[in-house]
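Got a structure for you, questions after.
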Amino acid sequence: MQLMLVLLPVVGLPIVATGYVLRLRGLQAIVEEKRVHLQGLDALLAQHLQDLGGYRGLLARYPGPAADREGQIRYLNDRLRGYTDQVAQAFPGVGVGFFSLGLNAIITYGPSSQYDKTVGMTIPRDHPGWKVMTSGTASTVSGGQVRGNIMNAMLPIREGGQVVGYIWANELLDAIDQQARAMRSAVRSMTILGFALSLTVVFFVIAQLTSKMEKVKTGLAALGFDLRETIPPIRGEIGEIADAINKLAQVLLETQSMHHNILDSLSDCVITVDASNNISYINPAGCELFRCQASEIVGKPYLKLFLDDPSFSNLLSDTLKSGREYRGVEFDFLLPHQTPHILASSSQLFDGRGHPLGVVAIIRDISETRSLRMQVARADRLAAVGEVAAGIAHELRTPLTSIRGFVQFLQGSTDPREWREYGDIIIREVDGMNRIISELLSLVRPQPLNLVPADLNQLVRDTLFLARDSASQGRIAFVTDLAEGLPKVLADRGQIKQVLLNVLVNAIQAIAGQGRILITTTAPSRNTVSVRVRDDGCGIPEAVRERIFDPFFSTKPTGTGLGMAIARRIIEDHHGRIEVDSTEGEGSAITLILPGLPEREADES
C-alpha cells in the first residue's frame, strides 16, 4: 500500500501531464496547420495575380475611363472572381479575396455565391488589413471581421515597390473549435484509460517486486557483515540482480585480498592516517623502516611515530587540514636508529560519497639511489672537465709549439728583420691563444645580459653589414626576406648580434665558390619571433650534426669549436632555442627562435 501511494502520483501525474500537454500541443498544431494552410492560399492568390500582371497590368487593359471607379472594380472582379471561387470551392469553409488600396474596395470575395455583395465595399478603419498595407508585412489574426469570427491570413500586394492592396484567406473559428473539442475529448478518454491500466499493472508488479526485494534486502544485510554470504536464487530480472550482487561481493572479496597482498608486498612504506590523526594501517615495509609491529602503532596518534621528524609530521598535518597533496618530497628522515634520505608523498583518502577519510602517505628510502646519483654526477663533471681540458690542451699546444720554435730560432738570430717577422708571428699566435681563452671564459662565465626591447629586423641589418666584410667581394649573394610588423624582443643587442654574426660567418665559410645566403625573419606564433639563415654550402655531415654545439668541436681546420656553444648559451639565456636543419652537399639552415615582447610592454618601452 505504501508503494501504491507513492507510485500513484508518480504514475498518474505523468499520464495526466502528458494528456494535458498533448491537448495543448494538439490545439497549437491545429492552429498552426490552419495558419500555414491559409498562408499557402495567400501565396497561390498572389502568384495568380502576378501571372495576370498585377492590378496595374490588368487596369492598363481597362477600356473605360480612368476615373470610372465602379467600372474598374467590376473589370477587376471579372478577371479575378473565377480563380477565387475555384480556390474557395477546392477548400470548403475557406474564404479568399483581393482588396485594392487605390480603389479602396474589395475586388472579389470567394465563394462569390455567399460574399459577392461585399464587392466594392471598403473595410472598417479598425480592420487589421489596414495595418498589413501600412506596414507592408504579412499577418495572421483571429477575431471578428467582415465575415465574422475568423482566423484571417493577410498578405500585402506589392507593385513597383509600393503596397497596392492585400490578399486574404480566412476560415471560421467555429470549425477550428469543433476540431479542437473532438481532439480534447479523445485525449481525455485515452488519459483516463491509460491511468486505470497503469494502476492495475503497477499493483501486480509491486506485489511481485516486494516479495523478491525482501529476499534481496535480507541477503544484502548479511553481506554487510560477511562478503562470503550469498543471496538465495530468485527467478526473473530480480534474480539476475541478485546474481550480479553475489558476483560483485565475490569480486570485492578477491579485490580486498589482492589489495592487502599488494600493499604487503610493496617495498615502499605505506601508512594511512584517519581523520582523528590515528594510524589506521601500516604495511610490512613500514614496520621494517620504523622497526615496529603493526599491532603496536595501529590506532595510535601518528605524532608518536613521527615526533622526531617535524618535516614529515608537518607534511601529513597539512594534507589532513587543507587537503593539499604532496608528490616526491625529498628530505633526510630522522629516526632513532638511522637517518635515511626518503622520497615522500601524501594525499587524501575519500569514501564513496567523496567525504575525506584521512591521509595515505608513501615513503621510499632512496639513500642508495641518491648516493649512486651523486657518484654519476661527479663522474659527469669529471668527464666534462676532462673533455674541456683536452680541448684546451689541443687548441693551445699548436700555437705554443710554434712560439717555442720561433723563440728558439730567434735566440741565435741577430738579424732585426727576422726579429720583426717572427715577432709578428709570435704576437699573432699569442693573440690566438688569448682569443681562445676569452671565448672559453665567455662560455663558462657569461656576461650579464643587458636586456632592452629590440627590433629583430634591425639587428639582422646591422649584423649583415658586418658579415659582408667577411665574404669575398661578389662571391656570396645575401638575400633578405624580413617580415614587417614583427613583435619586439627583450634582448641584449650586442650578444644577439654576436650570435647572428657567428651563424653568418659559418654560412659564408661553408660555401666554397659562388653561393647564396637567405636571411628570413618570421613570427611562428603570437608569442615568438625567429630568424632563419639558409646557405647552399657543403652542409653538415649527419655523423657530426649532433656535436656542433659541443665545446672545442669544429669541422674547420682553423676553428676553435666554441662559437656555436657560445651561441646556444646566449640564446638559451634569452629563453629561446636554436634549430639546425642540414643536408650534406645541399646546405644548412640555422633558425634562432626567441620569445616576443607583448605589445603592451613594447608600447611602454
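Run down 57, 40, 71 and say which single residue is assigned to a helix (DSSP H, G or I), assigned by TED's automatic domain parsing to the domain that holds residue 164, over 30 Å from residue 143 (Cα atoms) and out of contact with any Gly (no Cβ under 9 Å at 6 or more places or on another chain). Steps first, answer last, please.
Numbers: 40 fails: over 30 Å from residue 143 (Cα atoms); 71 fails: out of contact with any Gly (no Cβ under 9 Å at 6 or more places or on another chain).
Going through 57, 40, 71 in turn, the sole match is 57.
Sticking with this one: Is there any pair linking a residue in the stretch 112-138 that is farther than 27 Å from residue 82 by Cβ and among the hydroxyl-bearing types (Ser, Thr, Tyr) to one that is at pLDDT 90 or above and in a helix (DSSP H, G or I), with Cβ under 9 Å and at least six apart or on different chains, and which?
So the pair list comes out as 137/131.
Out of (1) charged (D, E, K, R); (2) more than 30 Å from residue 330 (Cβ to Cβ); (3) at pLDDT 75 or above; (4) exposed (fewer than 13 other Cβ atoms within 10 Å of the Cβ), the odd one out for residue 254 is which?
Condition (3) is where residue 254 drops out.
May I ask you to list the residues in the stretch 17-61 that are crowded, with 16+ Cβ neighbours inside 10 Å and of a type in the set (Ser, Thr, Tyr)?
55
Let me ask something else. Which numbered condition trips up residue 465, out of (1) modelled with pLDDT of 75 or more; (2) part of a helix (DSSP H, G or I); (3) surrounded by 11 or more Cβ atoms within 10 Å (Cβ to Cβ)?
Evaluating residue 465 over (1) modelled with pLDDT of 75 or more; (2) part of a helix (DSSP H, G or I); (3) surrounded by 11 or more Cβ atoms within 10 Å (Cβ to Cβ) leaves (3) as the failure.
Being touching a residue at least 12 places away in the same chain (Cβ under 8 Å) and among the hydrophobic types (A, V, I, L, M, F, W, C) is the filter here, so list the residues in the stretch 189-209 that pass it.
190, 195, 199, 202, 203, 206, 209
Before we move on, is residue 65 modelled with pLDDT of 75 or more and not β-branched (Val, Ile, Thr)? Give the derivation first.
Details: modelled with pLDDT of 75 or more: yes; not β-branched (Val, Ile, Thr): yes.
So residue 65 fits the description; yes.
Out of curiosity, is residue 486 closer than 12 Å to residue 592 by Cα and either surrounded by 19 or more Cβ atoms within 10 Å (Cβ to Cβ) or in contact (Cβ under 8 Å) with a residue 12 or more places away in the chain (or both)? Steps first, answer last, please.
Values: closer than 12 Å to residue 592 by Cα: no; either surrounded by 19 or more Cβ atoms within 10 Å (Cβ to Cβ) or in contact (Cβ under 8 Å) with a residue 12 or more places away in the chain (or both): yes.
So residue 486 does not fit the description; no.
Taking residue 275 as meeting all but one of (1) modelled with pLDDT of 75 or more; (2) of a type outside the set (Ser, Thr, Tyr); (3) surrounded by fewer than 17 Cβ atoms within 10 Å (Cβ to Cβ); (4) closer than 30 Å to residue 2 by Cα, write down the number of the exception.
Answer for residue 275: the failing condition is (4).
Give the residue that is surrounded by the most Cβ atoms within 10 Å (Cβ to Cβ), with candidates limited to residues of the stretch 499-514 that are more than 15 Å from residue 537 (Cβ to Cβ) and within 40 Å of the chain's Cα centre (by Cα).
Per the criteria, the residue is 499.
Table: residues versus (1) under 60 Å from the mean Cα position of the chain (by Cα); (2) assigned to a helix (DSSP H, G or I); (3) modelled with pLDDT of 90 or more; (4) hydroxyl-bearing (Ser, Thr, Tyr).
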| position | (1), (2), (3), (4) |
| --- | --- |
| 97 | yes, no, yes, no |
| 108 | no, no, yes, yes |
| 131 | yes, yes, yes, no |
| 134 | yes, yes, yes, yes |
| 146 | no, no, no, no |
| 155 | yes, no, yes, no |
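Yes or no: the stretch 108-121 includes at least one residue that is buried (at least 21 other Cβ atoms within 10 Å of the Cβ) and out of contact with any Phe, Trp or Tyr (no Cβ under 7 Å at 6 or more places or on another chain).
Let us first name the residues in the stretch 108-121 that are buried (at least 21 other Cβ atoms within 10 Å of the Cβ), namely 108-110.
From the residues that got through so far, the ones that are out of contact with any Phe, Trp or Tyr (no Cβ under 7 Å at 6 or more places or on another chain) too are 110.
For the stretch 108-121, residues buried (at least 21 other Cβ atoms within 10 Å of the Cβ) and out of contact with any Phe, Trp or Tyr (no Cβ under 7 Å at 6 or more places or on another chain): present.
Here's the yes/no breakdown for (1) in a loop (DSSP other than H, G, I, E, B); (2) at pLDDT 85 or above; (3) farther than 19 Å from residue 582 by Cα:
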position	(1), (2), (3)
472	yes, no, yes
481	no, yes, yes
485	yes, yes, yes
494	no, yes, yes
517	no, yes, no
521	no, yes, no
524	no, yes, yes
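Okay, residues lined up against (1) farther than 20 Å from residue 342 by Cβ; (2) small (Gly, Ala, Ser); (3) surrounded by 13 or more Cβ atoms within 10 Å (Cβ to Cβ):
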| site | (1), (2), (3) |
| --- | --- |
| 206 | yes, no, yes |
| 222 | yes, yes, yes |
| 234 | yes, no, yes |
| 240 | yes, no, no |
| 279 | no, no, yes |
| 282 | no, no, yes |
| 295 | yes, yes, no |
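Each row is one residue, and each column tells you yes or no for (1) modelled with pLDDT under 75; (2) assigned to a strand (DSSP E or B); (3) hydroxyl-bearing (Ser, Thr, Tyr).
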| position | (1), (2), (3) |
| --- | --- |
| 359 | no, yes, no |
| 378 | yes, no, no |
| 382 | yes, no, no |
| 390 | yes, no, no |
| 396 | yes, no, no |
| 404 | yes, no, no |
| 413 | no, no, yes |
| 435 | yes, no, no |
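Do you know which residues across the stretch 74-95 are in a strand (DSSP E or B) and not aliphatic (A, V, I, L, M)? So that I can check it myself, show each step before the final result.
We begin by selecting, within the stretch 74-95, every residue in a strand (DSSP E or B); these are 94-95.
Scanning the stretch 74-95 gives a single hit, 95.
The values are calculated or read from the model by the stated rules, or taken from the named source; none is laboratory data. All values reported here derive from a predicted model rather than from experimental measurement. Don't worry about glycine lacking a Cβ; one is built from the backbone with ideal geometry, like all the others, and counts go over all protein chains shown.
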